Amino acid sequence: MLLPNSKLKFTNVKFLPALCFYGVTCLFATPPSFASAARDLEESLSSVQSKALDGDNYYQGILALFYKYGEKELAIQPQEAERWAKIAAKNGGGIGMAVLASIELEKGNTDRGQFLYDEAYLHSNLRDLAKTKNPFALFCIGLMEIDNPPSNISKGVRNIESSARMGFASAQATLGVIMLTGSGIERNQAEAIKWCSMSARQKLPLGMFYLGMAYSFGDGVPKNQDYANRWIRAAADRELVTAQLTLGMKLALGDGIEKNLGHGVAWLKKAQSNGSAEAEVQLRRFETLLRSNRKPSSQPKKKIKPVGNIQERIENHSTEVSREIGLKNYKVKKYSEAKKHFLRAAEDSDPISLRYLGIMHFLGQEVDRDYVEAKTLLKKAQVGGDQEAGRYLEVIERMSQ
C-alpha cells in the first residue's frame, strides 16, 4: 500500500526462483553474519553505505530500502533506490530483489514485479534472513504476502508488525497506514496514530505525511491544521510526492493555511517533476492565475439574503443555503445534520457538497466507510468544477491501493 512516491501500494515479495538476473546466475548469498535486530537498525548510514560500496549485497539491499522510503533522514530518491536494488539483485541479494520487485509493481509492470518477488522468495537468502528476525527481511516478506498472489494479508501484517516493533520506521509507517485505512484488516485509529507517530519521530516521510493527514481530517486525533501543515511540509521537504501535491494545493487554495499562490505553484512543480499526474493538471490552472496576477475584487462579496429563521431557510431549500448549513454543521462535527443538507445540495449537483459527501464516505462519518462511493462522489465534484476534489481523489486512490 504504499506508499511512497508513485502509488501508495504495498510492495510484493515472493522470494526468488533460480537463475536469472540480466543473464547472470543468482547465487545464494548469505550475509556474512545475522546480526541482532537492534544492531541492524542502529547501524549508521555511513556504515551501510560503506559496506554497500564494498560490494556486500545485503547492505546494498538495505541502502535501496533506505532511499526508497527515506530512512535515516535521507530524502526519498527513487532513482538511487532502483540503482542499488538492481546492483543487489544482480549479486543475488534477496532484500534488493524484493525492493526492485516493489518498484516494478509501482511502475505498473505487474508481471515483472511478481516474477522478481517469486525469485526473491525461492532463490535468495530472504527467507533465511526472516527466520533470524531480521527487520528488513520481515518487512519485505510482509509486503510480499500482502501484494503478491496468492496474498495472505493477516500473515503479511504480522510480519510487518514484527518489524515495526523492532523499530524499523518504514514498517511502523506502513502498519499505521494499514490500520488507518482498514486495508484488509479491522480499522484501528488509535493504533494507526501510534505507529504513524513512532515513524514520524524517526523523521520518515510516509509517517509524517499520514500523521499530518490525520490532523487535517481530524481522523483519530483532534483536528489541528497547524500540526497538519507542519507534518505535511516536513514530508514534502523529504521528497514525498503526495505530500508535495497536498501542500501545493493547500497553499494555492488557502485550505487550512494562509493562501500563497506562488508558493503553491512551486510545490506543485516539485510534485510534477517527481511524477505526479494530478500536479500537472493543477499546475495549468494555477500558473494561469499566477501569470494574470489577479487582484481581489474591490466589490464586496455578495451576501446571502437571510430567509427568515433557520427553519424557513431550510424549507426554502436553496442549493447555496443547504450547502452553507451543511458546512457549518460539518465544522462542528454534527455529521448527521451536515449529511442531510449536503444531500439536498447534491441533488442540484453542487460540487462542494459532493466533495464533502465523498470525504464523509471516505472517513466513515455518519455513513458506512466506502472508498468506491467516496471516489464516485469526488469524481462528480471534480467534473462539476471543484478542483480541490482532485487532491482528495489522489489521496484516497493511494490510501486504498
Sorted from largest down, give the three principal axis spans of the alpha carbons of segment 192-235, whole angstrom values.
23, 20, 11
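For segment 225-274, what is one quarter of the convex hull surface built on the Cα atoms, given in nm²?
It is 2.7 nm².
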Pair Glu287, Leu327: separation of 7 Å Cα→Cβ label points (nm):
3.0
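In the neighborhood of Gly364, defined by Cβ-to-Cβ distances under 10 Å, what is the net charge if each Lys or Arg adds +1 and each Asp or Glu adds -1?
Net local charge, Gly364 excluded: -2.
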Would you mind getting me the FRET efficiency between Arg187 and Asn224? Use the beta-carbon distance for r and R0 = 22 Å, nearest 0.05.
0.55
Provide the FRET efficiency to the nearest 0.05 for the Asp54-Arg112 pair, computing r from the beta carbons and using R0 = 30 Å.
0.55
Using the C-alpha atoms of segment 33-166, what convex hull volume per residue, in cubic angstrom, is computed?
96
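As an exercise, find the ratio Rg/Rh for segment 127-218 from alpha-carbon atoms, using the Kirkwood inverse-distance average for Rh.
Result: Rg/Rh = 0.98.
Taking the convex hull of the Cα atoms, report for segment 88-155 its projected area averaged over all directions, in nm².
Over all viewing directions, segment 88-155 projects a mean Cα-hull area of 4.2 nm².
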If R₀ is 45 angstrom, what is the calculated FRET efficiency for the pair Arg165 and Glu347, using the beta carbon separation as r and rounding to 0.05?
0.35
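Which order do peptides 231-241, 109-119 fall in by mean Cβ count within 10 Å, highest first?
Details: 231-241: 23.6, 109-119: 20.2.
Highest-to-lowest ranking by the protection proxy: 231-241, 109-119.
A short reminder: the numbers here are calculations on the coordinates, not readings from a lab. Computed from a predicted structure; not experimentally measured. Positions of Cβ are generated from backbone atoms using ideal geometry, with glycine treated the same way; all protein chains shown enter the neighbour counts.
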